[in-house]
Amino acid sequence: MFNEKTYETLRCQIAEQVATVTLNRPQVLNALNTQVFDELEAVFTALSSDAEVRVVLLTGAGEKAFAAGADINELAATDAMAGKAKALRGQEVFRLIETCGKPVIACINGFALGGGCELAMACTIRLASESARLGQPEVKLGLVPGYGGTQRLPRLVEPSAALKLLLTAEIVGASEALRIGLVDEVVPADRLMTRGHELAKAIASMAPLAVGGCLEAVRRGSELGLNEAMQIEAEIFGRLCGTSDKTEGTAAFLEKRPPKWTGR
């Protein structure tokens, strides 16, 4: 079971099968530095193996920012070799979040810029407050996004819309982010975490193996052609047909009662 240890750059709390991970550097708008990456890796590794955790909410402390991007002081001192290593490290941690086997809901409160936007894009679902602002302004620093932004953004929105954001460094509000498909839902700021918990509880009430199967099918299938992806879907469907949860789910439906999931 996950140990709710104390971290220096983030907080993690677990209640009713939902973990809430909060980036906790509000004094620097939750900027991402080396320690943040290390602690994100540690917490998501632990949560991914905890069967009691069904869904993860990810947000930033304070009202101003989800994460305002990379720590510019660190970035300014980075040369070519260290820069590549930094990008690979960020990609590794964000890929861990993306593939942790649990749905991760980004609750975007304020700025999600640069690495912060890339972090949100690595999540399963993105909720934004009405005051949220998102963008990839790396070209202003003479850089490209390094934590997966050039790859995830055109997979979430139209390639031309992605390039517009990447090439102009434009920062968009929540309504525009919703229009182009960068976020999935916009809510008033005072409802952001409430809505996040509503979604998390709805997902947590479903069969955990089936939820994991959906995540796996979409993730693996998105990297393949349609025929190969269909085979992946059939493989996962067949695997789930042999589980106790499938037996319980179908029995509960026929008997008109709530199911009792065991994750087996």
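For (1) assigned to a strand (DSSP E or B); (2) surrounded by 15 or more Cβ atoms within 10 Å (Cβ to Cβ), each residue gets a yes or a no:
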| site | (1), (2) |
| --- | --- |
| Thr45 | no, no |
| Ala51 | no, no |
| Leu57 | yes, yes |
| Glu63 | no, no |
| Asn73 | no, no |
| Gly83 | no, no |
| Ala87 | no, yes |
| Val93 | no, yes |
| Lys102 | no, yes |
- Message: I need a count of the residues in the stretch 105-130 that are over 18 Å from Val187 (Cβ atoms) and either in a strand (DSSP E or B) or not assigned by TED's automatic domain parsing to the domain that holds Val144 (or both).
- Response: 1
- Message: Being among the aliphatic types (A, V, I, L, M), surrounded by fewer than 16 Cβ atoms within 10 Å (Cβ to Cβ), touching a residue at least 24 places away in the same chain (Cβ under 8 Å) and within 30 Å of Ser129 (Cβ to Cβ): is that true of Ala200 here?
- Response: no
- Message: Checking the structure you have, find out if any residue of the stretch 149-157 is buried (at least 22 other Cβ atoms within 10 Å of the Cβ), touching a strand residue (DSSP E or B) at 6+ places or on another chain (Cβ under 7 Å) and within 30 Å of Asp79 (Cβ to Cβ).
- Response: no
- Checked the stretch 155-198 for anything aliphatic (A, V, I, L, M), under 17 Å from the mean Cα position of the chain (by Cα), within 14 Å of Cys117 (Cβ to Cβ) and not in a helix (DSSP H, G or I); matches are Val157, Leu182, Val183
- For the stretch 66-95, enumerate the residues that are in contact with a helix residue (DSSP H, G or I) (Cβ under 8 Å, 6 or more places away or on another chain) and farther than 15 Å from Val36 by Cα. Thr78
- Run down Ala132, Ala106 and say which single residue is touching a residue at least 40 places away in the same chain (Cβ under 8 Å), surrounded by 19 or more Cβ atoms within 10 Å (Cβ to Cβ), closer than 20 Å to Arg195 by Cβ and under 13 Å from the mean Cα position of the chain (by Cα). Ala106
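The values are calculated or read from the model by the stated rules, or taken from the named source; none is laboratory data. Just so you know, these numbers come straight off a predicted model, no measurement behind them. Don't worry about glycine lacking a Cβ; one is built from the backbone with ideal geometry, like all the others, and counts go over all protein chains shown.
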